[in-house]
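A.B. asks: Below are the structure tokens for one structure; questions will follow.
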Amino acid sequence: MNPPEGFTPLFRNSPFLELLGPIYNESTDAGIVIGFYAQQKHCNARGIVHGGVLSSLADVALGYNAAFSGDNSVHLVTASLTIDYAGSAKQGEWITIASDVQKVGKTMAFANCYFLANNIRIARASGVFTVLNK
């Protein structure tokens with residue numbers, strides 16, 4: 001399946017993200033929106049997207065948005081990640097993750113993200129990141 005218009009393959013990849021992908025992104029004025037189609041490999045035994053998949057992609061969406069939110073990118077590692085599930089998604093659904101970066105300081109960064117499936121909010125996550133010195 002092709003992603004919706006405006007979404008392109010994720011600009012930065014890793015071996016772990018290769019396992020989860022394909023993952024897409026869209027650059028907006030508010031930041032980077034991550035998107036993916038829920039596949040069978042993302043689902044649990046009940047046929048819904050596993051919470052671990054969502055938490056992994058929350059970490060990516062939050063970290064990428066915080067790292068690239070300023071004039072100069074910063075290197076981050078996750079210090080804390082919390083996620084609240086308010087709904088679910090099924091195989092075949094398009095899921096987006098939009099982030100809101102509160103602050104990127106000299107030592108810590110803070111951000112929230114929101115998951116939508118069929119334009120319904122299914123989860124929110126909050127991340128705290130340690131800013132690494134280059």
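The values are calculated or read from the model by the stated rules, or taken from the named source; none is laboratory data. Quantities reported herein were computed from a predicted structural model and do not represent experimental measurements. When we count neighbours, we look across all protein chains shown, and the Cβ atoms used for this are built from the backbone with ideal geometry, even at glycine.
A.B. asks: Specify the residue that is surrounded by the fewest Cβ atoms within 10 Å (Cβ to Cβ); the eligible residues are those in the range 69-84 that are touching a strand residue (DSSP E or B) at 6+ places or on another chain (Cβ under 7 Å) and either under 21 Å from residue 28 (Cα atoms) or touching a residue at least 60 places away in the same chain (Cβ under 8 Å) (or both). Working first, answer last.
C.D. replies: Kept after step one, since they are touching a strand residue (DSSP E or B) at 6+ places or on another chain (Cβ under 7 Å), are these residues of the range 69-84: 69-70, 74-84.
Subsequent filtering for residues that are either under 21 Å from residue 28 (Cα atoms) or touching a residue at least 60 places away in the same chain (Cβ under 8 Å) (or both) retains 69-70, 74.
Working: 69: 18, 70: 11, 74: 18.
Top of the filtered list is 70.
A.B. asks: In addition: Take the range 104-131 and flag every residue that is at pLDDT 95 or above and either touching a His at 6+ places or on another chain (Cβ under 9 Å) or among the charged types (D, E, K, R) (or both).
C.D. replies: If the condition is that a residue be at pLDDT 95 or above and either touching a His at 6+ places or on another chain (Cβ under 9 Å) or among the charged types (D, E, K, R) (or both), then 121, 124, 131 are the ones that fit.
A.B. asks: State all residues of the range 23-50 that are surrounded by fewer than 18 Cβ atoms within 10 Å (Cβ to Cβ), within 15 Å of residue 97 (Cα to Cα), modelled with pLDDT under 95 and not aliphatic (A, V, I, L, M); if no residue qualifies, say none.
C.D. replies: Scanning the range 23-50 gives 27, 28, 29.
A.B. asks: Hey, another quick one. So, in the range 13-33, of the ones that are of a type in the set (Val, Ile, Thr) and within 11 Å of the chain's Cα centre (by Cα), which residue ends up nearest to residue 70 (Cα to Cα)?
C.D. replies: Keep residues of the range 13-33 that are of a type in the set (Val, Ile, Thr), which gives 23, 28, 32-33.
Filter again for within 11 Å of the chain's Cα centre (by Cα), leaving 23, 32-33.
Numbers: 23: 23, 32: 13, 33: 16 Å.
Ranking the qualifying residues of the range 13-33, first place goes to 32.
A.B. asks: I would also like to ask the following. Among the hydrophobic types (A, V, I, L, M, F, W, C), touching an Asp or Glu at 6+ places or on another chain (Cβ under 7 Å), under 18 Å from residue 117 (Cα atoms) and touching a residue at least 40 places away in the same chain (Cβ under 8 Å), is that true of residue 38?
C.D. replies: Details: among the hydrophobic types (A, V, I, L, M, F, W, C): yes; touching an Asp or Glu at 6+ places or on another chain (Cβ under 7 Å): yes; under 18 Å from residue 117 (Cα atoms): yes; touching a residue at least 40 places away in the same chain (Cβ under 8 Å): yes.
So residue 38 fits the description; yes.
A.B. asks: Do we find a residue being part of a strand (DSSP E or B) and out of contact with any strand residue (DSSP E or B) (no Cβ under 9 Å at 6 or more places or on another chain) anywhere in the range 114-121? Quick ask: steps written out before the conclusion?
C.D. replies: Of the range 114-121, the ones part of a strand (DSSP E or B) are 114-117, 120-121.
Those still in the list that are out of contact with any strand residue (DSSP E or B) (no Cβ under 9 Å at 6 or more places or on another chain) too: 120.
Yes, the range 114-121 contains a residue that is part of a strand (DSSP E or B) and out of contact with any strand residue (DSSP E or B) (no Cβ under 9 Å at 6 or more places or on another chain).
A.B. asks: A follow-up question, please. Would you call residue 109 small (Gly, Ala, Ser) and over 23 Å from residue 3 (Cβ atoms)? Outline the logic, then answer.
C.D. replies: Working: small (Gly, Ala, Ser): yes; over 23 Å from residue 3 (Cβ atoms): yes.
It is true that residue 109 is small (Gly, Ala, Ser) and over 23 Å from residue 3 (Cβ atoms).
A.B. asks: Would it be correct to say that residue 100 is among the acidic types (Asp, Glu), over 21 Å from residue 39 (Cβ atoms), part of a strand (DSSP E or B) and touching a Ser or Thr at 6+ places or on another chain (Cβ under 9 Å)? I'd like the intermediate steps shown before the answer.
C.D. replies: Numbers: among the acidic types (Asp, Glu): yes; over 21 Å from residue 39 (Cβ atoms): yes; part of a strand (DSSP E or B): yes; touching a Ser or Thr at 6+ places or on another chain (Cβ under 9 Å): no.
Here the answer is no, as residue 100 does not meet what is asked.
A.B. asks: Of these, 120, 83, which one is under 23 Å from residue 4 (Cα atoms) and aliphatic (A, V, I, L, M)?
C.D. replies: Values: 83 fails: under 23 Å from residue 4 (Cα atoms).
Selected residue: 120, the only one of 120, 83 that is under 23 Å from residue 4 (Cα atoms) and aliphatic (A, V, I, L, M).
A.B. asks: Among the residues of the range 86-121, write down those that are touching a residue at least 60 places away in the same chain (Cβ under 8 Å) and buried (at least 18 other Cβ atoms within 10 Å of the Cβ).
C.D. replies: 94, 95, 96, 97, 98, 99, 101, 115, 117
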